[in-house]
1. Compute the long axis of helix 2-17 from its Cα atoms, compare it with the longest principal axis of the Cα atoms of the chain, and write down the angle in degrees, 0 to 90, nearest 10.
2. May I ask you to derive the relative contact order of the chain, considering only C-alpha pairs under 8 Å and at least 6 residues apart, and to give it as an integer percent?
3. Give me 39, 80 sorted ascending by neighbouring Cβ count inside 10 Å, so fewest comes first.
4. How large is the Rg to Rh ratio of the chain when both quantities use alpha carbon positions and Rh follows Kirkwood?
5. Per DSSP H run of n ≥ 4, the term is -39500 (n - 2.57); total these for the chain, divide by its residue number, and report the mean residue ellipticity at 222 nm rounded to 500 deg cm²/dmol.
6. Could you line up 24, 1 from fewest to most neighbouring Cβ atoms inside 10 Å?
């Protein structure tokens, strides 16, 4: 279960770094829940990020790619893995723009592993 959950978030981030919105959505389960600070965001279906998401991210922050520094398993239960995910958003020269520590919950639904919840 842990290997499949980690493979799922690795594939999600590979799609993120390719700027592939559909590829990212393919690694999510819907309803997808995001707790951003104190704000609860629920995505009912794929396609919630605007087509300009990556252009805006690059223009406003200088982002080039995201790099994982740690993926620590904190809870495992049947068909569900909670991970503390530490990653950085980096510029093209590899300098770090921001560092993030988030809780991600990856679940197996209908034979497919996907990210169900993220807390920022």
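All of the numbers you see were taken from the coordinates with simple rules; none came from a lab. Note that the structure is predicted; figures quoted are calculated from it, not measured. Virtual Cβ from ideal backbone geometry, glycine too; neighbours counted across all protein chains shown.
1. Value to nearest ten degrees: 30.
2. 27
3. 39, 80
4. 0.95
5. One gets -7500 deg cm²/dmol as the mean residue ellipticity at 222 nm.
6. 1, 24
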